[in-house]
Amino acid sequence: MRFLRRFFIRLSNFATGRADQRLQDELAEHLAFQIDENLRAGMSPAEARRQAALKLGAAAAIRENHHAEQSLPFFENLSQDLRYAVRMMVRSPGLFNCDHHDGAAGATRAFRDPNQNQDVKGGCQMNKKKAGVAFITLLTCALAGQALAQGPEFNSNADDLTKIRSVVEEFRQDIIHKDGYALTKLMLNPNVLFHAIDDQKEVDGARKINAQFDGIGPSALDGTATFLATSKDKLEEKFHNVEIRQDGDLGLVTFNYDFVVNDKVTNSGLEHWQVRKIDGQWKILSVTWTSYSHS
């Protein structure tokens with residue numbers, strides 16, 4: 001009975017979306033309250049908002065976890081896939097090529113040749129069959145895709161995923177505030193892998209100087225921290241399509257990024273982190289990224 005009750009609650013939330021709106025309102029109210037508390041404590045407006053956001057954690061992660069618990073993500077994703085499939089079918093005129101124009105043309109041909117009438121009807125029937133086959137194929141692919149998207153069961157929980165997202169947000173805020181020291185404290189130790197992935201041409205060039213160059217070199221963490229601390233420019237790293245996976249004390253974070261200097265994107269790429277949980281805290285094991293210049 002408890003399972004059925006929970007299922008119908010999720011079904012109601014899926015149909016109305018009220019749970020998501022309530023949570024969004026609560027998060028906004030809590031954030032505003034925390035900002036007011038920080039302002040009364042003597043913080044500047046910018047620092048008050050920053051500290052409130054860090055204390056609240058990653059609001060997007062909270063919404064996603066709450067949504068997964070209170071709704072039916074499988075059916076939501078499936079409905080999105082089916083709507084996309086129907087749109088693609090509607091945009092494929094070959095599947096439904098039996099309009100009035102073709103009907104008139106077919107009638108004209110049939111008048112000239114009575115045997116053509118059967119071909120016209122057969123063509124319409126064939127198109128309908130093609131449409132049916134295409135729909136069944138797309139439905140099967142959507143169901144298979146959703147089944148695969150569930151993936152294997154990992155030892156993962158909403159609290160740890162939220163904490164990992166908080167580390168991501170702290171990293172982003174440290175760049176905005178050019179706090180190189182705070183950024184290094186997010187790492188497990190000062191010698192973690194922290195480096196861009198050079199292409200083969202750059203590797204070959206480095207090997208002309210050092211034949212034993214392994215393609216990575218020493219960690220760039222200290223250099224990054226110094227750059228943040230000494231830069232006079234406005235800096236920001238924008239994250240897109242953040243994906244977090246966790247299995248026990250190991251986590252993987254992957255996202256697309258834009259590095260912005262004085263409101264201008266200078267380079268973009270893919271960034272990948274390994275994180276681990278130790279002594280109740282999540283620390284960064286490695287940070288690697290590709291980089292494509294916009295200059």
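Just so you know, all these numbers are worked out from the coordinates, no wet-lab data involved. No experiment lies behind these values; they were computed from the predicted model shown. All Cβ positions, even for glycine, are placed from backbone atoms using ideal geometry, and neighbour counts span all protein chains on display.
Filter segment 195-237 for residues that are more than 16 Å from His272 (Cβ to Cβ) and in contact (Cβ under 8 Å) with a residue 60 or more places away in the chain and give the result. Once the filter is applied, which keeps residues that are more than 16 Å from His272 (Cβ to Cβ) and in contact (Cβ under 8 Å) with a residue 60 or more places away in the chain, segment 195-237 yields Leu235, Glu236. For the structure I just gave you, tell me whether Ala196 is surrounded by 14 or more Cβ atoms within 10 Å (Cβ to Cβ), out of contact with any Leu (no Cβ under 9 Å at 6 or more places or on another chain) and of a type outside the set (S, T, N, Q). Yes; evaluated as a whole, the condition is true for this residue. As a summary of the residue check, Asp222 satisfies the conditions (1) assigned to a loop (DSSP other than H, G, I, E, B); (2) surrounded by 12 or more Cβ atoms within 10 Å (Cβ to Cβ); (3) not hydrophobic (A, V, I, L, M, F, W, C) except for the one numbered (1). Criterion applied to Val260, Val253 was being touching a residue at least 40 places away in the same chain (Cβ under 8 Å) and part of a strand (DSSP E or B), and the one residue passing it is Val253.
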